[in-house]
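What follows is a single structure, written as structure tokens, with notes after it.
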Amino acid sequence: MQQFKQLTSRIWYQTPVSETDRPIVAVITGDERSLVIDTGNSSQHATLFLDEIEKHGLRRPDLVALTHWHWDHIFGMKQMAVPTIATKRTVDEMRKMMDYDWSDEALAERIQQGIEIPFCADAIKLEFGKDREIEVILPTIRFSGELEIDLGGVTCLLRQVENDHSPGSALVYIPEERVLFLGDAMYADIFSAKWNYTVGQTTRLLDVIAEYDADYYVWSHGEAMSKGAFEKEVHVLRQIIEVTQRAAGHLPEMQRLYRELVGRELTTDEEETLVFFANGAKK
Ligand SMILES: [Zn+2]
């Protein structure tokens, strides 16, 4: 059951669903306009979100900002029915999807070609069932680098960032509310045969994120994380980057160095992240 939560005085968000890969959808309510971050993974998802907006007496969305092009963040776009903002790189990727067929056969064929992955295909089947009315439409407002949006009393800063998960992703920072929406930028590259993080991209991403001071960091498939918890995540990643470099991406040596660094056995998450960085070192 998805919940609709208030994060700060001007920000509400709907919690994610892992089985169908529904990400967090959020709204920032200004005095003049409101902006929604991502559209949800289907018309049903977008409708559920818009219903919550109405139930809570919030301003209807005037704009949507996309964090990146992955299906689960864009398939509710038509239902949102307002001008949408995305990076040019995101629009380029969406353009490729416009003629796609979403039948089981077409999904299987794209998996064969290495364009689609079973993880997404399975979630699409679960979200849509047999009747897959999917229409990809293109964002109206396209930018590269940075874009600032004044909603009246509150600002959204969109910042394109390098990252392994989806090139052309945008972060959304709301300085007045001290909240940073990460989209999926902190997640690994899941479209390669071996899921991976690279030292270069992750370092650049963490350096950009460090420019923003926030009380909450929102992971699209996770939660609104407090500053303290987020700093711990960043610390783990920086330590793993360090051992990846020292061990030149050689996994057993990375594991040994990391154990030595933290002085204990590794957690499951750390094990997984080490494997992803070792995979990234072989790219
Ligand atoms: Zn994604």
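The values are calculated or read from the model by the stated rules, or taken from the named source; none is laboratory data. It should be emphasised that the depicted structure is a prediction, and the values quoted were computed from it without experimental measurement. Because the Cβ atoms are built from the backbone with ideal geometry, glycine has one as well, and the counts that use them run over all protein chains shown. In case anyone asks, the SASA skips ligands and DNA or RNA and just uses the protein heavy atoms, side chains included. Shrake-Rupley method; radii C 1.70, N 1.55, O 1.52, S 1.80 Å.
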Per-pair calculated FRET efficiency, R0 = 30 Å: F143 and E176 via Cβ, rounded to 0.05: 0.90
Linear extension gain, L261 paired with D101, 0.36 nm per residue minus alpha-carbon span: 52.7 nm
Amide proton proximity set for V17, modelled H, under 5 Å, gap of 5+: R22
With all protein chains modelled, accessible area of D31 [1.4 Å, Å²]: 90
GNM result for the chain, Cα springs below 10 Å: residue of L50, L261, L180 fluctuating most strongly: L261
Proximal charge balance of G40 [Cβ under 13 Å; K/R count +1, D/E count -1]: -4
Accessible area of the stretch 1-101 belonging to carbon and sulfur atoms, whole % at 1.4 Å probe: 45
Accessible area, probe 1.4 Å, largest first, for residues T267, T15: T267, T15
The stretch 228-283: C-alpha pair distances exceeding 17 Å, %: 28
Cβ-placed point charges (K, R +1; D, E -1), dipole of the chain about Cα centre in debye, nearest 20: 340
Relative intensity, log₁₀ I(q)/I(0), of the stretch 56-145 from a Debye sum that treats every alpha carbon as a point, q = 0.11 Å⁻¹: -0.35
Size of electric dipole in the stretch 106-168: Cβ of Lys, Arg +1 and of Asp, Glu -1, about Cα centre, debye, nearest 20: 140
Under DSSP loop assignment and at most 13 Cβ neighbours within 10 Å, longest GluC sites (Glu not before Pro)-free interval of the chain: 33-132
Radius 11 Å from Cβ of T87, net charge of other residues (Lys, Arg +1; Asp, Glu -1): +1
Most to least accessible of M98, M186 (protein chains only, probe 1.4 Å): M98, M186
Residue-level accessible surface for D184, protein heavy atoms, 1.4 Å, Å²: 10
Under 24 Å, Cα to Cα: Lys pairs in the chain, sequence gap 8 or more or different chains: 15
Spatial separation of Cα centroids for the stretch 62-138 and the stretch 1-57, in angstrom: 19
FRET efficiency estimate (nearest 0.05) - Cβ-Cβ, L157 to R59, R0 25 angstrom: 0.80
Accessible area of the chain divided out per residue, in Å², using a probe of 1.4 angstrom: 45
Of V236, V262, V136, the one that fluctuates the most in a GNM where the chain has Cα springs shorter than 10 Å: V262
Student exercise, the stretch 62-105 dipole from Lys, Arg, Asp, Glu Cβ charges, in Debye to nearest 20: 320
Listed residue (L66, A170, I141) projecting farthest to the positive dipole end of the stretch 32-185, Cβ model: I141
Sulfur and carbon atoms: percent of accessible area, the stretch 228-283 [1.4 Å]: 51
Prolate/oblate/rounded call for the chain, Cα gyration tensor, a/c under 1.5 rounded: oblate
Alpha carbon centroid spacing (whole Å) that separates the stretch 224-276 from the stretch 143-173: 28
